[in-house]
Amino acid sequence: MKFAKSLGWVFAGLIFAASGVYAQEVRQLAEPESRKPDGSDAREKPLRDAEALMKAGRPAEAYNLLLPLEFDRSGEVRFDYLIGIAALDSGKPDKATLAFERVLAVDPNFAGARLDMARAYYQLGDLTRAQTEFETVSRQNPPEAARVTIRKYLDAIAAQQAAKQTRSSAYVEVGLGHDTNVNNSTSQSQIDVPVFGNQTFTLNPTNLKTADNYYSAATGGEVSHNLNASWGLYAGADVRQRGNITQTRFDTLSLDGRAGVTFTDSGKNIFRIGGTGGRYNLARVHDRDSTGFSADWRHVYSPANQVSLFAQHGRNRFVDPAMTINDFDQTILGTGWLHALADRQSVMFGSLFLANENDVAPVTPANPSGGRADGNKQSLGVRAGGQTAMREDTELFASLGFQSGSYDKTNASFLRKRKDRHLDLSAGANWHWDKNWTLRPQFNYARNYSDIVIYRYNRRDISLTVRRDFR
């Protein structure tokens, strides 16, 4: 607690020093006479007006005044520096870095621009680049006031990096809900089977659409440790249980774990690769296991845009010998995009992926030819969604996904190759009555269309979940 308070005082001091007398002093000392207005050039008027607005504490108005001129006057050191500090002091550090880069490209020794570049990186959370710029300024023999403030920034950066060396997070959540189809089954009780001359059969009630109320509980966490500025380790696990009030034969319990390494390149590129493993129980009986690995790469193009590539491979094996006919290996390759809107209160995301399920079911007395009934499966999927803040404590979210899958083996009972089309929709809200507590009402809808009738189904699920985060 004492450390947090001390860090808070340091941060407050930094903001005061960076936005007050010190910033003006360094800018004046760093700016040679050749860059100052001589009062005779009409082109100087908007710059003088912008300076007046800055001194009056109205940097946003100064930025809006200069912005329409940026296309024509980019490359002018004085203009670029003024629009840069106006952007920085009005909360646009990403715009400020672009302007300061133009200044430093012309004059690498412009100490004021380099100092403000460091401040911009600090506001963006890019501590590595901020530290580099602060250290560069300190080597340029700045005034004593500058040295003191730079030292405070560097101390704050060191404290944040030390605090981030080992991080942990955890959560616990419980919920209640109603599901119209707890077993993902068809609602058609009678079907015609082609291999028997389209004779009509009545399905067992276990294989028919069944509704029920349910409760859910989950807990999990992750620990990460930075080995140095680039490399790190992570490990995490999640346990999820869902119990039905009456249809207990469809109760589920899953345990999933992960561990691996991370690599960060200047905050712009983040690589993560590791192993995964899981166990799945159905009706309190060990049903199947999974093992595999996952890898992903995220690239931050700007504070508003992030792209990613991801890959997963897993082995899924059923425990009951009678169920090993369903064993498969799955490989997924995909790409994603995340975009923050200008209001910084809303984000949109999208992803596209390819998946392949390799039929590896073994030969057994019950399955003398090996393989599952429908063979291998290839899928193409797409997902899009977003989240927006309605108030400071409430966000709305929604996502829509579609997946098309085709199998390569003719089903011996239905005399056709199976094709599925799956659509799912999710929408809800997060209400944070405290920074660590969340109440989440949510609605999920799923519909699976298949040319084999027993795989056609739809379901609606409405739930209310309470979550506690530990950070």
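Looking at region 419-426, can you tell me whether even one residue there is at pLDDT below 95 and out of contact with any Lys or Arg (no Cβ under 6 Å at 6 or more places or on another chain)?
no
What's the number of the condition residue 251 fails, among (1) among the acidic types (Asp, Glu); (2) surrounded by 17 or more Cβ atoms within 10 Å (Cβ to Cβ); (3) out of contact with any Gly (no Cβ under 9 Å at 6 or more places or on another chain)?
That leaves (3) as the condition not met.
Would a scan of region 146-164 turn up a residue that is in contact with an Asp or Glu (Cβ under 8 Å, 6 or more places away or on another chain) and among the basic types (Lys, Arg)?
Taking every residue of region 146-164 in turn, none turns out to be in contact with an Asp or Glu (Cβ under 8 Å, 6 or more places away or on another chain) and among the basic types (Lys, Arg).
Search region 325-337 for residues being crowded, with 17+ Cβ neighbours inside 10 Å and in contact with a Ser or Thr (Cβ under 8 Å, 6 or more places away or on another chain), and hand back the single one that is modelled with the lowest pLDDT.
Going through the qualifying residues, I end up with 325.
For the subset of region 438-456 comprising residues that are closer than 12 Å to residue 175 by Cβ and touching a Gly at 6+ places or on another chain (Cβ under 8 Å), which member is surrounded by the fewest Cβ atoms within 10 Å (Cβ to Cβ)?
Per the stated criteria, the residue is 441.
Identify, by number, the condition in (1) surrounded by 15 or more Cβ atoms within 10 Å (Cβ to Cβ); (2) among the aromatic types (Phe, Trp, Tyr); (3) touching a residue at least 24 places away in the same chain (Cβ under 8 Å); (4) in contact with a Lys or Arg (Cβ under 7 Å, 6 or more places away or on another chain) that residue 414 doesn't meet.
Result: residue 414 fails condition (4) only.
Can you run down the residue pairs with Cβ atoms below 9 Å, 6 or more apart or on separate chains, where the first is in region 235-262 and more than 28 Å from residue 167 (Cβ to Cβ) and the partner is modelled with pLDDT under 95 and small (Gly, Ala, Ser)?
248/283; 249/283; 250/283; 251/283; 252/283
When you scan region 111-211 for helices (runs of 4 or more DSSP H) that lie fully inside it, which ones turn up with 3 or more residues that are within 29 Å of residue 221 (Cα to Cα) and in contact with a helix residue (DSSP H, G or I) (Cβ under 8 Å, 6 or more places away or on another chain)?
111-124, 144-163
I'd like to know if region 87-97 contains one or more residues that are surrounded by 17 or more Cβ atoms within 10 Å (Cβ to Cβ), without any contact (Cβ under 8 Å) to a residue 60 or more places away in the chain and over 15 Å from residue 113 (Cα atoms).
yes
The values are calculated or read from the model by the stated rules, or taken from the named source; none is laboratory data. All values reported here derive from a predicted model rather than from experimental measurement. Glycine gets a Cβ as well: all are built from the backbone with ideal geometry, and neighbour counts include every protein chain shown.
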